[in-house]
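Notes to accompany the following structure.
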Amino acid sequence: MKTFGIITLNIESEASYIHEIAARSHSCGMECYHFLPSSINPLTKQVQGRRFCATKKSWVDGEFPIPSLIYDRCFYGDDEHSKQCIPIVSWLKSMDDITFLGFGLPNKLELYETLSNSRLSPYLPHSQSIKDCLQVANALYKQKKIIIKPINGSQGYGIYYLKKNNKTIHVKTEKNKKIISRIFPNETKLFQWLQPLINFRPYLLQPYLELSNTSSQPFDIRILLQKDEKGVWVERGKGIRIGNTGGILSNLSAGGSVLDFTSWSSTQASKEYICSELNFITTNLPKILEREILPLFEIGIDIGMAKNGALWILDVNSKPGRKVVLQTEPDLEETLFLAPLLYGKYLTQSDYKERKSYYEKTLYH
Ligand SMILES: Nc1ncnc2c1ncn2[C@@H]1O[C@H](COP(=O)(O)OP(=O)(O)O)[C@@H](O)[C@H]1O
Ligand SMILES: [Mg+2]
């Protein structure tokens, strides 16, 4: 039997998703394990973790060799444990006898640079790395409204909207599902706030796009793509995420709600245009990413629609959530629980060794 390991940074993280995958592993001819990267002994290459017992239908703690297939669901933060696990996962990715379902994606800026040389460049909001406060002031002077976000960010964390009024500067963010607004009387005061922020973590700057609906709620289209049991990219589903009125984020973690794509699109005058644009993005994006970066198993794409109807690729996640799709299409559950196992099985049957040596490039998370 093949061994299928799921890695997370916390044993409780995504507990029910991981349990559902494990419960189906035997039927796919696989033994399922779950462990933290930090529980590997690098000398013995033995892991302290848990194995799913098909008879008991539950997890059993134990020690085992590193499984040969790995499904990486590690979400890194700024904490010490994340810092400890990142190099361990890179080491795992470099091992010849271990196959990752997907190798992750680079940060938002590198992703922007890669995609801006592709046929998808018209869909990318212009992004620049923030070097100093003056650059932000210049962008505000020219564009009046901008967004700044952490280059390594996720879940809407640390994103700010900045708007230049005649003299003052309005800064808005969302934290713990609340909208926080602040007015700075001049640039000096703005810089006193901004400098420590950009010192602490790298930020990028984008034009602010009017991505709100007629009720001033920010919204975006979230699409889940995965590879199927033959290694072919398929669209599993798409849904609309809607944020707080007057807010800037449509992330569910910021308190957003979900609408199903079909009912939303049927209310849009430009429905056909939207669908053909989305189709262009979903057929091209995974191919470009895999050609330019590394092999992937799944991606979540965030697409914004501006008031003028233009579509923008806002974000691509290599460890996407399934909430939006499942809330609108609950029948997809079984497909989504089986997908990592079936793709893993496909990899063991295909020439994955070649896939690996071909991609001995920089490793991402
Ligand atoms: N340039 C922008 N203009 C307007 N809204 C934006 C812009 N960039 C992001 N947003 C809003 O912020 C949300 C989070 O941004 P995103 O780039 O996806 O970061 P994260 O990785 O934190 O999810 C988006 O889903 C969208 O609602
Ligand atoms: Mg996002």
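Here is a list of conditions, (1) open to solvent by 40 Å² or more (accessible area, probe 1.4 Å); (2) more than 22 Å from LEU101 (Cα to Cα), and THR283 meets all of them except one; can you say which number that is?
Among (1) open to solvent by 40 Å² or more (accessible area, probe 1.4 Å); (2) more than 22 Å from LEU101 (Cα to Cα), THR283 violates only (2).
I need a count of the residues in region 128-150 that are more than 10 Å from ligand 1 (Cβ to nearest atom) and in contact with a helix residue (DSSP H, G or I) (Cβ under 7 Å, 6 or more places away or on another chain).
Restricting attention to region 128-150, the residues satisfying the condition of being more than 10 Å from ligand 1 (Cβ to nearest atom) are 128-144.
Keeping just the survivors that are in contact with a helix residue (DSSP H, G or I) (Cβ under 7 Å, 6 or more places away or on another chain) gives 129-130, 133, 136-137.
So the count comes out to 5.
Checking the structure you have, find out if any residue of region 281-289 is touching a helix residue (DSSP H, G or I) at 6+ places or on another chain (Cβ under 7 Å) and within 16 Å of ligand 1 (Cβ to nearest atom).
Looking for residues that are touching a helix residue (DSSP H, G or I) at 6+ places or on another chain (Cβ under 7 Å) and within 16 Å of ligand 1 (Cβ to nearest atom), one finds at least one in region 281-289, hence yes.
Test TYR123 against the criterion of being at pLDDT 95 or above, more than 11 Å from ligand 1 (Cβ to nearest atom), within 29 Å of SER318 (Cβ to Cβ) and open to solvent by less than 40 Å² (accessible area, probe 1.4 Å), and give yes or no. Working first, answer last.
Numbers: at pLDDT 95 or above: yes; more than 11 Å from ligand 1 (Cβ to nearest atom): yes; within 29 Å of SER318 (Cβ to Cβ): yes; open to solvent by less than 40 Å² (accessible area, probe 1.4 Å): yes.
Spelling it out, TYR123 is indeed at pLDDT 95 or above, more than 11 Å from ligand 1 (Cβ to nearest atom), within 29 Å of SER318 (Cβ to Cβ) and open to solvent by less than 40 Å² (accessible area, probe 1.4 Å).
For region 132-188, which residues satisfy the criterion of being touching a Gly at 6+ places or on another chain (Cβ under 7 Å) and open to solvent by 80 Å² or more (accessible area, probe 1.4 Å)?
Once the filter is applied, which keeps residues that are touching a Gly at 6+ places or on another chain (Cβ under 7 Å) and open to solvent by 80 Å² or more (accessible area, probe 1.4 Å), region 132-188 yields only LYS177.
Here is a list: LYS93, LYS83. Which entry is open to solvent by less than 30 Å² (accessible area, probe 1.4 Å), of a type in the set (Lys, Arg) and under 23 Å from the mean Cα position of the chain (by Cα)?
On the way: LYS83 fails: open to solvent by less than 30 Å² (accessible area, probe 1.4 Å).
One residue alone meets the criteria, LYS93.
At pLDDT below 95 and either aliphatic (A, V, I, L, M) or open to solvent by less than 40 Å² (accessible area, probe 1.4 Å) (or both): does that describe LEU363?
Values: at pLDDT below 95: yes; either aliphatic (A, V, I, L, M) or open to solvent by less than 40 Å² (accessible area, probe 1.4 Å) (or both): yes.
For LEU363, the condition - at pLDDT below 95 and either aliphatic (A, V, I, L, M) or open to solvent by less than 40 Å² (accessible area, probe 1.4 Å) (or both) - is met.
Which of the residues belonging to region 48-79 are open to solvent by less than 20 Å² (accessible area, probe 1.4 Å) and small (Gly, Ala, Ser)?
Taking region 48-79 as the starting set, the residues that turn out to be open to solvent by less than 20 Å² (accessible area, probe 1.4 Å) are 49, 52-53, 64, 67, 69-74.
Correct list: GLY49 only.
Looking at region 195-255, what strands (runs of 3 or more DSSP E) fall wholly within it and have at least 3 residues that are crowded, with 23+ Cβ neighbours inside 10 Å and within 12 Å of ligand 1 (Cβ to nearest atom)?
Details: elements: 203-207, 219-227, 233-242.
The qualifying strands (runs of 3 or more DSSP E) are 219-227.
Among the residues of region 30-50, is there at least one that is of a type in the set (Asp, Glu), within 25 Å of PRO295 (Cα to Cα) and under 25 Å from the mean Cα position of the chain (by Cα)?
Taking region 30-50 first, the residues of a type in the set (Asp, Glu) are 31.
If we keep only those that are within 25 Å of PRO295 (Cα to Cα) as well, we get 31.
Still in the list and also under 25 Å from the mean Cα position of the chain (by Cα): none.
No, that holds for no residue.
So, in region 303-331, of the ones that are more than 12 Å from ligand 2 (Cβ to nearest atom) and among the basic types (Lys, Arg), which residue ends up surrounded by the fewest Cβ atoms within 10 Å (Cβ to Cβ)?
Taking the candidates together, the pick is LYS307.
When you scan region 99-176 for strands (runs of 3 or more DSSP E) that lie fully inside it, which ones turn up with 3 or more residues that are under 23 Å from GLY300 (Cα atoms)? It would help to see each step written out before you state the result.
Values: elements: 145-150, 160-164, 169-175.
Qualifying strands (runs of 3 or more DSSP E): 145-150.
Please determine whether any residue of region 250-271 is charged (D, E, K, R), under 21 Å from the mean Cα position of the chain (by Cα) and at pLDDT below 95.
Step one: of region 250-271, the residues charged (D, E, K, R) are 260, 271.
With the extra rule that they be under 21 Å from the mean Cα position of the chain (by Cα), the set shrinks to 260.
Of the ones still in play, those that are also at pLDDT below 95 are 260.
Yes, there is a match, as at least one residue in region 250-271 is charged (D, E, K, R), under 21 Å from the mean Cα position of the chain (by Cα) and at pLDDT below 95.
Against the conditions (1) in a strand (DSSP E or B); (2) touching a residue at least 24 places away in the same chain (Cβ under 8 Å), where does GLY62 fall short? Just the number, please.
(2)
Residue under question is GLU329, and the condition is that it be more than 16 Å from ligand 1 (Cβ to nearest atom), at pLDDT 95 or above and not polar (S, T, N, Q); does it hold?
Numbers: more than 16 Å from ligand 1 (Cβ to nearest atom): yes; at pLDDT 95 or above: no; not polar (S, T, N, Q): yes.
When the stated conditions are applied, GLU329 does not pass them.
The values are calculated or read from the model by the stated rules, or taken from the named source; none is laboratory data. Computed from a prediction, not measured in an experiment: that's the story for all the values here. Cβ: placed from backbone, ideal geometry, glycine included. Neighbour counts: every protein chain shown. Heavy atoms of the whole protein, side chains included, go into the accessibility calculation; ligands, DNA and RNA do not. Shrake-Rupley method; radii C 1.70, N 1.55, O 1.52, S 1.80 Å.
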